[in-house]
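Student: Below is a structure I'd like to ask you about.
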Amino acid sequence: MVYGRRWLLIGLMAVLFVAAIASLLLIFVLRPIAAQGWQETPCEIIHSGVEKKWSDSGGRRRGGGYYVHRFEVAYTYTFEGTHYSGNRHNLDASWSSARAGADELAKRYRVGMRTTCYVNPKRPAEALLELWSDSRDPASWALVATRTLGAD
């Protein structure tokens, strides 16, 4: 009977592990690849800056805390005759303790600039300014791998 419980526990752990891997695959690989089908649409930047907030993730006991930053943007676009506004830079709007990347994006996307956004044709109110965050994004590597292997 002890062996039966042990195998049940091992099986349960295996199922949880597979579920965790599947969730990561969905978040970091499949969503960005699905966004490749979004339509390029002209848009205009109406706000660009760097958002800053205090993070105490170091914990009060450790005496930690620091500022984190992320690129903040807003833009307008017209899709199939309807006017929309968006504020998503890419699928990964993560915070970083390094401000330089957010500053670079704020300089690249200046207010009044006309550029290209990517609109979800199934939900036109959903748009992205860029499909990929940068070359360090795991989804970028997944796209390169699928194209290299001919899985277009």
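Student: Go through (1) assigned to a helix (DSSP H, G or I); (2) at pLDDT 95 or above; (3) not hydroxyl-bearing (Ser, Thr, Tyr) one by one and return the number of the condition Val111 breaks.
Tutor: Going through (1) assigned to a helix (DSSP H, G or I); (2) at pLDDT 95 or above; (3) not hydroxyl-bearing (Ser, Thr, Tyr) one by one, Val111 breaks only (1).
To keep it simple, each residue is scored yes or no on (1) of a type in the set (Val, Ile, Thr); (2) part of a helix (DSSP H, G or I); (3) modelled with pLDDT under 70; (4) within 26 Å of Val119 (Cβ to Cβ).
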{"position": "Gly4", "(1), (2), (3), (4)": "no, yes, no, no"}
{"position": "Val18", "(1), (2), (3), (4)": "yes, yes, no, no"}
{"position": "Phe28", "(1), (2), (3), (4)": "no, yes, yes, yes"}
{"position": "Ala34", "(1), (2), (3), (4)": "no, yes, yes, yes"}
{"position": "Thr41", "(1), (2), (3), (4)": "yes, no, no, yes"}
{"position": "Arg62", "(1), (2), (3), (4)": "no, no, yes, no"}
{"position": "Thr76", "(1), (2), (3), (4)": "yes, no, no, yes"}
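The values are calculated or read from the model by the stated rules, or taken from the named source; none is laboratory data. Owing to the predicted nature of the structure, the values given are computational and were not obtained by experimental measurement. Cβ coordinates were reconstructed from backbone atoms using ideal geometry, including for glycine residues, and neighbour counts include every protein chain displayed.
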